[in-house]
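Enquirer: Dropping a structure here in structure tokens format, bear with me for questions.
The values are calculated or read from the model by the stated rules, or taken from the named source; none is laboratory data. Just so you know, these numbers come straight off a predicted model, no measurement behind them. Here the Cβ positions follow ideal geometry from the backbone for every residue, glycine too, while neighbour counts run over all protein chains shown.
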Amino acid sequence: MLNIVLFGPPGAGKGTQSKKLIEKYNLTYVATGDLLRQEITEGTALGMEARNLIEKGRLVPDDMILQIIEKHINANADTNGILFDGFPRTYVQAYILEGLLMRMHTSLTCLLSLEVPREELIARMLKRAKMENRNDDTLEVIEYRLLEYETKTIPVIEFYKERNIYFPIDGVGTVDEIFERLCQVIDNSLTKQWMNVVLLGPPGAGKGTQGEIIAKRHALGYISTGTLLRKEIKEGTEIGQRAKPYMEKGEIVPDEIAVKLIERELHLESKVRGFIFKGFPRTIVQTYILDGILKKINSSVTVAIELKVPTLECFKRLTMRAKTDKACSYDKDPELIIHHLEEYKQKSILVKKYYKNQNKLVKVDGTGDVAEVSDRISEVIDKVARMSR
């Protein structure tokens, strides 16, 4: 998702630019001021409570704002993301927004701050008050709102500076000039977004083969816990010795072992802009673990792709693999193959449900030659990338 905060003092032109941005990028528009005025117009209890506060230029309580925002987002879910105008306005609200987006399994792409001189802001708002008959835009209220903005909302800038997603934008000029500046920063931010792909599918579905191909094709890091574990076993490391009994039986190794390997690989592959994860997560607990690992680097799972291959076909592939140098320990024992296939079927139910509930699960036909399957997977990744733009 493309999630943007359009920041700036009252009168900076956020509303005007927001209309152009939501049209170009297909975003849900969340303007707390407009939503509150709508509540007032409709005469709701929430609107009446907010009315006095707005007319005095004061901030509306956070719990009230959060209720309105969530209601609006849920009613407009079929977009490429969200544009927040007028929220967050305080340091605490910045944390509230972060929590809200986390609950939606997404994060903020960038904060764009329109920079306009104080004198220009006052002139703009006085003119707007006359044109639109806005009772809340008297000179006294305007000065109060600007003072409140300066004292309470500027610390929000530091919050996002620490996350390296704060961008000041010159807010003086024609509407089109300012819009072009905004779009340039947004497009640059999109090119920096990570693409993290979880590759799912039963043993023998071709995840390893496809994972390596897709990683190279899309310039992603490739993390195969099975490959990493077999390397540890071959080198006789402590991790390898601990993992060996589980690997020989085709069982899932303890999570703490896999976590260490994944974190190590994320650190080593610091120059890529995303990863293909093969062999992890395999359980619902591991999905939570992966979310936590990626959260530490300000990222998340972008899409989970399941390769659909009939069980009998998987069995045949694994039997054939047993005759090659790529054979796993369980490939040579039909009973272990069956055990491994059944384990995937049981464990993957909740994993697939988890990603399906986030609208991140995509099923891809895993039958056919290698190139055909690769093209199908790439098509999904390209589509997801386009949607995020």
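Enquirer: Just the residues that are touching a residue at least 24 places away in the same chain (Cβ under 8 Å) and over 19 Å from N188 (Cβ atoms), please, taken from the range 105-122.
Expert: Initial filter on the range 105-122 (touching a residue at least 24 places away in the same chain (Cβ under 8 Å)): 105-118, 120-122.
Of everything in the range 105-122, those that are touching a residue at least 24 places away in the same chain (Cβ under 8 Å) and over 19 Å from N188 (Cβ atoms) turn out to be H105, T106, V116, P117, R118, E120, L121, I122.
Enquirer: Now a separate question. Determine if the range 287-306 includes at least one residue that is under 32 Å from the mean Cα position of the chain (by Cα), surrounded by fewer than 22 Cβ atoms within 10 Å (Cβ to Cβ) and of a type in the set (D, E).
Expert: Within the range 287-306, one or more residues are under 32 Å from the mean Cα position of the chain (by Cα), surrounded by fewer than 22 Cβ atoms within 10 Å (Cβ to Cβ) and of a type in the set (D, E).
Enquirer: From the list T28, T16, which residue is at pLDDT 90 or above and under 19 Å from L100 (Cβ atoms)?
Expert: Result of the check over T28, T16: T28.
Enquirer: Going by the structure shown, is G171 in contact (Cβ under 8 Å) with a residue 40 or more places away in the chain, buried (at least 19 other Cβ atoms within 10 Å of the Cβ), small (G, A, S) and closer than 30 Å to R376 by Cα?
Expert: When the stated conditions are applied, G171 does not pass them.
Enquirer: Only one of R242, R264, R217 is surrounded by 15 or more Cβ atoms within 10 Å (Cβ to Cβ) and either closer than 24 Å to T311 by Cβ or of a type in the set (D, E, K, R) (or both); which?
Expert: R242
Enquirer: Still on this structure: Looking at the range 204-252, which of its residues are in contact (Cβ under 8 Å) with a residue 40 or more places away in the chain and hydrophobic (A, V, I, L, M, F, W, C)?
Expert: Residues satisfying the conditions are A205, I213, I214, A215, A219, L220, I223, M247, I252.
Enquirer: What do you reckon, is D187 on the phi < 0 side of the Ramachandran plot, touching a Leu at 6+ places or on another chain (Cβ under 9 Å) and of a type in the set (D, E, K, R)?
Expert: On the way: on the phi < 0 side of the Ramachandran plot: yes; touching a Leu at 6+ places or on another chain (Cβ under 9 Å): no; of a type in the set (D, E, K, R): yes.
Considered against the rule, which asks whether it is on the phi < 0 side of the Ramachandran plot, touching a Leu at 6+ places or on another chain (Cβ under 9 Å) and of a type in the set (D, E, K, R), D187 comes out as no.
Enquirer: Residue pairs, Cβ under 6 Å, 6 or more apart or interchain, first in the range 309-326 and without any contact (Cβ under 8 Å) to a residue 24 or more places away in the chain, second of a type in the set (D, E, K, R). List them.
Expert: A322/D331; A322/K332
Enquirer: Name the pairs: first residue in the range 127-139 and free of Cβ contacts under 8 Å to residues at least 24 places away in the same chain and surrounded by 13 or more Cβ atoms within 10 Å (Cβ to Cβ), second residue in a loop (DSSP other than H, G, I, E, B) and among the charged types (D, E, K, R), Cβ to Cβ under 8 Å, at least 6 apart or on different chains?
Expert: A129/D137
Enquirer: Looking at the range 244-262, which of its residues are more than 17 Å from H339 (Cβ to Cβ) and among the hydrophobic types (A, V, I, L, M, F, W, C)?
Expert: Within the range 244-262, I257, A258, V259, L261, I262 meet the criteria.
Enquirer: List the helices (runs of 4 or more DSSP H) that sit entirely inside the range 193-254 and contain at least 2 residues that are polar (S, T, N, Q). Don't jump to the end; show me each part of the working.
Expert: Values: elements: 207-217, 225-235, 238-249.
Output list reads 207-217, 225-235.
Enquirer: Among residues belonging to the range 318-356 that are at pLDDT 90 or above and buried (at least 18 other Cβ atoms within 10 Å of the Cβ), point out the one that is farthest from the chain's Cα centre (by Cα).
Expert: S348
Enquirer: Here's a follow-up. Could you tell me how many of the residues in the range 140-158 are of a type in the set (A, V, I, L, M, F, W, C), closer than 12 Å to S113 by Cβ and touching a residue at least 12 places away in the same chain (Cβ under 8 Å)? Full working, then the answer.
Expert: Just the residues of the range 140-158 that are of a type in the set (A, V, I, L, M, F, W, C), to begin with: 141-142, 146-147, 154, 156-157.
Narrowing further to those that are closer than 12 Å to S113 by Cβ: 154, 156-157.
Still in the list and also touching a residue at least 12 places away in the same chain (Cβ under 8 Å): 156-157.
Residues in the range 140-158 being of a type in the set (A, V, I, L, M, F, W, C), closer than 12 Å to S113 by Cβ and touching a residue at least 12 places away in the same chain (Cβ under 8 Å): 2 in total.
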